[in-house]
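Just so it is clear, none of the values below were taken in a lab; they were calculated from the coordinates. Keep in mind that this is a model prediction, so the values were computed, not measured. Cβ atoms come from the backbone with ideal geometry, glycine included; neighbour counts cover every protein chain shown.
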Amino acid sequence: MVVGNDALRRTAAEVLERRHQPILAAYRQRLAAASDDFAGAADLIDSYPAQADALLRETMAEIRRETNDPLSTPPPPAASTEGVELHPRECFRAVVVLADIVLADALEQLAGQPDQGAILALVADALTRTTLTRLVDASSRYAAGLMNEVHQAQIAERSLIARELHDRLGHSLSAAYRNLEAHELAQERRHDDVDRRVVIARESLHDAVGYLRVLIADLRLSQPLGSLDEALANFLSTVETGETRLHTEINGDESWVPPEVLDEVFLVVREALRNAVAHAGARVIHAVIDITPHELRATVADDGVGFDLATVRDGSGLRAMAERAAVVGGRLAVRAAGQQGASVELVVPLLAVGAGAGR
């Protein structure tokens, strides 16, 4: 809110309202004259008058606001700026041009009035508040646009790697596996002893193909998750759990978590669940994800046979989960107590990664 009595605020708003169209006309002329200075944003020049019109309306609304809180946040922009990607530098230069016109026009209109200084200060204060709101919004949109471009580049690169792994390495591994399998079957038909080394090679290739499929699936998880709950449910529907009972629980609002963080959390939890199902021999596996505005905490715990943490600490699965945790500023803790089961806990501080941005 701008500080001043009702009469002064009313006069300041009326001056801007009366001069609204002349100010916009002068702004268009100034932009046309300075078109070379805005050459880097020539395709956006047409959007500037619309932005200026909205800014003037917001300034008038700010002057008229009735509140006693001088630190209150200005109202949100009245006009949508969806699809307008203004570089913060160009946005700032355009706003400076408008502010110069507005203040010069107001000074001319108020010439000779006893409260000229106070009214001009009201206009300047309101214009500053709404301008800063617009500049912050433009900077946030531009940063979000850049991050989206980076994300799309990552998607393309991951898709390329997945295709190469599938088409080249996957084909070769599968061919080698099928040939070893055929060789083993041929020996059995002839009632020859099967060379143990052939069996080991076939089993190793079978495992390699399985790991490769998982890797390709992870690489192709390129779009942000629509829902962590839904993604986990889809994964669990494909898992053979045998006698093991598996429970998942998500508490809190997923919209507090940036999409890229949800992606990494899902991959970590999925890997922890996959390991528990495959190796724990557990009766029950619990996966609990608690989300608050400042933190996400995911725990996968089982009552299985446990394992020696020292012997598996450098395993590729745990190392990959720890690396994914680090990517989003989180930390991974693994606990294994002999025959008392094991747990994997992921903690991600959301404030540090701009929770909820863009959602």
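Figures for the structure shown
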item: Only Lys, Arg (+1) and Asp, Glu (-1) charged, at Cβ; segment 158-308 dipole about Cα centre in debye; result: 660
item: Amide hydrogen neighbours beyond the local backbone of Val284, cut-off 5 Å, H modeled; result: Arg245, Asp303
item: Local electrostatic count, Val150, Cβ distance below 13 Å [Lys/Arg +1, Asp/Glu -1]; result: -2
item: Three principal axis lengths of segment 113-161 [C-alpha, angstrom, descending]; result: 72, 9, 6
item: Long-range HN-HN contacts of Ile250 with modeled amide H, under 5 Å; result: Ile289
item: Stokes-Einstein translational diffusion, segment 159-280 - Kirkwood Rh over all Cα pairs, 1.306 mPa s, 10 °C, in µm²/s; result: 92
